[in-house]
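The next block holds one structure in the form of structure tokens; read it before the comments.
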Amino acid sequence: MLISHPAFKEYQRKPLTEHLLNVAQGCKCRIQRLSLATQLINKADLAELAFRIGLFHDLGKASSFFQAHILGGKSTAYTRHSLISALILYFNLYHDTRFEDFALLAFKAIERHHGNLSTLGSEGLDNAVLIETTLRIYEDIKQQISADSTIKEFMDTYRISLPAFGQADIKQLSFELELLEPLANADDAIERFLLQNLLFSVLVDADKYDAARIVHRPDQNLEQKLSYSPLQYLTSLAKEDNDLNKIRTKLLEAAADFQPKSTNCYAMSAPTGSGKTLACLGFTEALQQHCKHIRRVIYCLPYTSIIDQNFAEIARVFKANNLDPGNPDLLLKHHHLVDFSRQDPDENYDYHDYLNDNLLADSWNSACVVSTFVQLFHSLIGSRNSLVRKLHNIINSIILLDEVQSLPAKYYPLLRKVFAILAQRFDTHILTCTATQPFIFAPESYSEISPPGLFDHQVFNRVKLSIAREACTLADFVQNLDLQKADNALFVMNTKRSAIELYQMLKESYQDSYQLFCLTTYHTPGYRLKYISEIAGALAHKQRILLVSTQLIEAGVDLSFQRVYRDMGPLDSIIQVAGRCNRHSEYGVLGGEMQLLHLEKDGKEYCQKVYDSYILQKTKATLRDRDCLESSDFPELIHKYYLSLEFEAEAQALLNAIKELNYDQEYRGQLPIDRFRLIENEYATCTLYILLDDKAQKAMDELQQAKQVLK
């Protein structure tokens, strides 16, 4: 019997034919459950193509070389199975008129299903040694299959042939792969790119589930209709009858009463502190009522530091609606710092179980997922196996993008096009949410959820912002600092080093009259959350505190200060920091005082070390001739600022790569897809473990034990 996977734990060897059929059915099922309006291929043909990809994806495992390897033999060039499986599929497909435009995409999905997606033509199929090795594997496969009645019957049943092809045919395929026609129409090009990644996604996901012996039904966690309404939760709170809470109620009512639009794109432009998180849930509840099928909800934020805060809010809404927020099938928090292993494992729990728990979480099968922008956008626009794998669960979902202004402005033109195709042709609903709404959507392509005039209410005219025109050093700033009449103050620096230096200077001068805190990403996430909780408690009890922080404080962190100082940065970042000043209007209209600084060291501004010079130039141009601003001025200023931004070059280079499905090659005028980065990380790194507490020590001990098991 030919097998695909060896026995482990209580599981027997898996027959190859069983695995091929399970994956094929899994691929097809994942496509069939989707609502699609694709223009390049209809849903029925796409589902059939996915089925064929699943049937062929591991056919190369039929070789005697691989069978010997899976039973304990060494890995060699002849044990590889992905390329030959892809070739057999291609030569079965390329004469089928239904799939003639997708045979190359299907080939690539199989050829790379154990790695990351790569550019068509990068397979090395013009290499004589590779061709000779591959053809020898193929001859061996044909002999193995002819001697095995089970797989012969399987191939007859599903019309799988073993076509004759040789060196010339493989070289011709190499030529065709390299000359893939770019699609002139940008919308079609983006659709083809998403289809390539979708085929890869369903194959990788179905393959991993079956290899792990996990029974899976797509959307099995969406069969129960959940209530996302925040009304039950709000009823349980004792709320003051003030202007701010009235406006929060108004925003929630507008979100809950909206009418869906055919564009599937929406924006919620609302001031900081207006209750956007709960309004997002109200929007979700209303949209679910209008949709024919229950949809997955994906709520994304820019930073892990604010996910816990928003996740806790959503969990409270779930609990108020009699849903178990501790059930990961219903509500999942997903980012690189979350431990997905079972909380109460049994005595037989081992490394395989741990991998399976992570496998389930990484696929985003839950009804509601709370995650990061990086996870979402690198799954939409990316090549990595582990990220692209969840794409089929992103399609058709309701995507809530909170603090969307944090997305790099240079990607706006590309995201504008990708969002439009994702929304229209892949029936995905997208809501962007922020106090400073960037131009993510094209005009007339989205609907605004927030009621008109929200920013005009005096309760949101909370901050008076003064702008320093002269640059100064940290020492000069502290020397001239006047904190009289300030019960508390926030200082937002552009670099970790400047934050620490300022903290030390303030400590020397003010430690007798204020509690001092410093927050940077040098702190571990656990300690950051601990300090944020302590700071919130101190503010709630009217204690005198000073907080020095980096930009991690600027979006979503629910802290409110009487006075705020912010080093120069992009305009949207400045306005977001203003959202930490008099956040709840507790100091009245214009009761918050904020100063925009120009701090420097050795004649160079700190802002130039971390921000794009073009962005800074546009910010300074927008603020030119303005020495003092009020919160009510922010909407007009941010609109003017976003209108001034032009980032076509890099976005067009990525779009050119998408047109040619260029994932990893340096071609003129293109930025390979795998170079797409929401967060730039162009410096060398190493992992350093600092065991700060007993929990960290316990985790390290468990890691060491796991490594011993794997040896």
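If ASN488 satisfies every condition in (1) buried (at least 22 other Cβ atoms within 10 Å of the Cβ); (2) within 31 Å of the chain's Cα centre (by Cα); (3) within 24 Å of SER274 (Cβ to Cβ) but one, which is the exception?
(2)
Pairs under 8 Å by beta carbon, first residue farther than 15 Å from PRO328 by Cβ in segment 351-362, partner at pLDDT 75 or above and open to solvent by 80 Å² or more (accessible area, probe 1.4 Å), six or more apart or different chains?
Going by the 8 Å Cβ cut-off, the qualifying pairs are HIS352/LYS9.
Just give me the residues in segment 394-421 being of a type in the set (S, T, N, Q) and surrounded by fewer than 24 Cβ atoms within 10 Å (Cβ to Cβ), in sequence order.
ASN396, SER397, SER406 - these are the residues of segment 394-421 that are of a type in the set (S, T, N, Q) and surrounded by fewer than 24 Cβ atoms within 10 Å (Cβ to Cβ).
Please specify each residue of segment 634-677 satisfying the condition of being aliphatic (A, V, I, L, M) and under 30 Å from LEU623 (Cα atoms).
LEU637, ILE638, LEU643, LEU645, ALA649, ALA651
Test LEU597 against the stated conditions and say whether it is surrounded by 18 or more Cβ atoms within 10 Å (Cβ to Cβ), over 30 Å from ALA186 (Cα atoms), touching a helix residue (DSSP H, G or I) at 6+ places or on another chain (Cβ under 7 Å) and in contact (Cβ under 8 Å) with a residue 40 or more places away in the chain.
yes
Can you tell me how many residues in segment 194-216 are in contact with a strand residue (DSSP E or B) (Cβ under 8 Å, 6 or more places away or on another chain) and assigned to a loop (DSSP other than H, G, I, E, B)?
The qualifying residues number 1.
Which members of segment 4-27 meet the condition of being among the acidic types (Asp, Glu) and part of a loop (DSSP other than H, G, I, E, B)?
Answer for segment 4-27, where residues must be among the acidic types (Asp, Glu) and part of a loop (DSSP other than H, G, I, E, B): just GLU10.
Only residues that are out of contact with any helix residue (DSSP H, G or I) (no Cβ under 6 Å at 6 or more places or on another chain) and of a type in the set (A, V, I, L, M, F, W, C): list them for segment 585-594, please.
LEU590
Could you count how many residues in segment 254-269 are at pLDDT below 90, of a type outside the set (S, T, N, Q) and either over 13 Å from PRO451 (Cα atoms) or buried (at least 23 other Cβ atoms within 10 Å of the Cβ) (or both)?
The number of residues fulfilling the criteria is 2.
Select from segment 278-295 the residues that are buried (at least 20 other Cβ atoms within 10 Å of the Cβ) and either within 28 Å of ASN582 (Cβ to Cβ) or in contact with a Leu (Cβ under 6 Å, 6 or more places away or on another chain) (or both) and list them in ascending order.
LEU278, ALA279, CYS280, LEU281, GLY282, PHE283
Out of ASP126, ASP140, I need the residue that is among the acidic types (Asp, Glu), modelled with pLDDT under 95 and in contact with a Ser or Thr (Cβ under 6 Å, 6 or more places away or on another chain). Which one?
That would be ASP126, the only listed residue that is among the acidic types (Asp, Glu), modelled with pLDDT under 95 and in contact with a Ser or Thr (Cβ under 6 Å, 6 or more places away or on another chain).
Does segment 499-513 hold any residues that are buried (at least 20 other Cβ atoms within 10 Å of the Cβ) and in contact with a helix residue (DSSP H, G or I) (Cβ under 8 Å, 6 or more places away or on another chain), and which are they?
Selection gives LEU502, LEU506.
Name every residue in segment 613-634 that is part of a loop (DSSP other than H, G, I, E, B) and over 24 Å from SER269 (Cβ atoms), in order of residue number.
Scanning segment 613-634 gives ARG624, ASP625, ASP627.
Looking at segment 440-463, which of its residues are open to solvent by 40 Å² or more (accessible area, probe 1.4 Å), at pLDDT 90 or above and not acidic (Asp, Glu)?
TYR446
What number of residues in segment 114-143 are surrounded by 16 or more Cβ atoms within 10 Å (Cβ to Cβ) and more than 25 Å from LEU387 (Cβ to Cβ)?
10
Just to be sure I understand, how many residues within segment 28-83 are assigned to a helix (DSSP H, G or I), within 27 Å of LEU130 (Cβ to Cβ) and in contact (Cβ under 8 Å) with a residue 12 or more places away in the chain?
Count: 20.
Which of the numbered conditions does GLU111 fail, given that it passes all the others? Conditions: (1) of a type in the set (D, E, K, R); (2) within 30 Å of TYR663 (Cα to Cα); (3) open to solvent by 50 Å² or more (accessible area, probe 1.4 Å); (4) touching a Leu at 6+ places or on another chain (Cβ under 7 Å).
Of everything listed in (1) of a type in the set (D, E, K, R); (2) within 30 Å of TYR663 (Cα to Cα); (3) open to solvent by 50 Å² or more (accessible area, probe 1.4 Å); (4) touching a Leu at 6+ places or on another chain (Cβ under 7 Å), GLU111 misses just condition (3).
I'm checking my understanding of the structure. Among residues of segment 1-25 that are open to solvent by less than 10 Å² (accessible area, probe 1.4 Å) and touching a Pro at 6+ places or on another chain (Cβ under 9 Å), which one is farthest from ALA206 (Cα to Cα)?
Top of the filtered list is ILE3.
Quickly run through segment 686-706 and pick out the residues that are of a type in the set (A, V, I, L, M, F, W, C), modelled with pLDDT of 70 or more and not in a helix (DSSP H, G or I).
Result: LEU688, ILE690, LEU691, LEU692.
Return the residues of segment 600-630 that are aromatic (Phe, Trp, Tyr) and either out of contact with any helix residue (DSSP H, G or I) (no Cβ under 8 Å at 6 or more places or on another chain) or without any contact (Cβ under 8 Å) to a residue 60 or more places away in the chain (or both); say none if nothing qualifies.
Those that are aromatic (Phe, Trp, Tyr) and either out of contact with any helix residue (DSSP H, G or I) (no Cβ under 8 Å at 6 or more places or on another chain) or without any contact (Cβ under 8 Å) to a residue 60 or more places away in the chain (or both): TYR611, TYR614.
Suppose we filter GLN375, GLN424 for residues that are open to solvent by 20 Å² or more (accessible area, probe 1.4 Å) and either among the aromatic types (Phe, Trp, Tyr) or farther than 16 Å from VAL338 by Cα (or both); which single one remains?
It is GLN424.
Residues checked against (1) in contact with a Lys or Arg (Cβ under 9 Å, 6 or more places away or on another chain); (2) without any contact (Cβ under 8 Å) to a residue 40 or more places away in the chain; (3) of a type outside the set (D, E, K, R):
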site	(1), (2), (3)
ARG528	no, no, no
ALA540	no, yes, yes
ILE553	yes, no, yes
VAL557	yes, no, yes
PRO570	yes, no, yes
ALA578	yes, no, yes
ASN582	yes, no, yes
TYR587	yes, no, yes
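With the requirement that a residue be under 15 Å from CYS27 (Cβ atoms), without any contact (Cβ under 8 Å) to a residue 40 or more places away in the chain and part of a loop (DSSP other than H, G, I, E, B), what does segment 85-112 give you?
Of everything in segment 85-112, nothing turns out to be under 15 Å from CYS27 (Cβ atoms), without any contact (Cβ under 8 Å) to a residue 40 or more places away in the chain and part of a loop (DSSP other than H, G, I, E, B).
Return the residues of segment 372-407 that are within 19 Å of HIS335 (Cβ to Cβ) and in a loop (DSSP other than H, G, I, E, B); say none if nothing qualifies.
ILE381, GLY382, ARG384, ARG389, LYS390, SER397, GLU403, LEU407
When you look at ASP187, is it in a helix (DSSP H, G or I), modelled with pLDDT of 95 or more, of a type in the set (D, E, K, R) and open to solvent by 50 Å² or more (accessible area, probe 1.4 Å), yes or no?
yes
The rows are residues; the columns are (1) buried (at least 23 other Cβ atoms within 10 Å of the Cβ); (2) assigned to a helix (DSSP H, G or I); (3) of a type in the set (A, V, I, L, M, F, W, C); (4) touching a residue at least 40 places away in the same chain (Cβ under 8 Å).
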position	(1), (2), (3), (4)
GLU240	no, no, no, no
LEU252	yes, yes, yes, no
THR272	yes, no, no, yes
GLN309	no, yes, no, yes
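The values are calculated or read from the model by the stated rules, or taken from the named source; none is laboratory data. Values in this document were obtained by computation on a predicted structure and should not be read as measured data. Positions of Cβ are backbone-derived with ideal geometry, glycine not excepted, and every protein chain shown enters the neighbour counts. Surface areas here come from the heavy atoms of the whole protein model, side chains and all, with no ligands, DNA or RNA. Shrake-Rupley method; radii C 1.70, N 1.55, O 1.52, S 1.80 Å.
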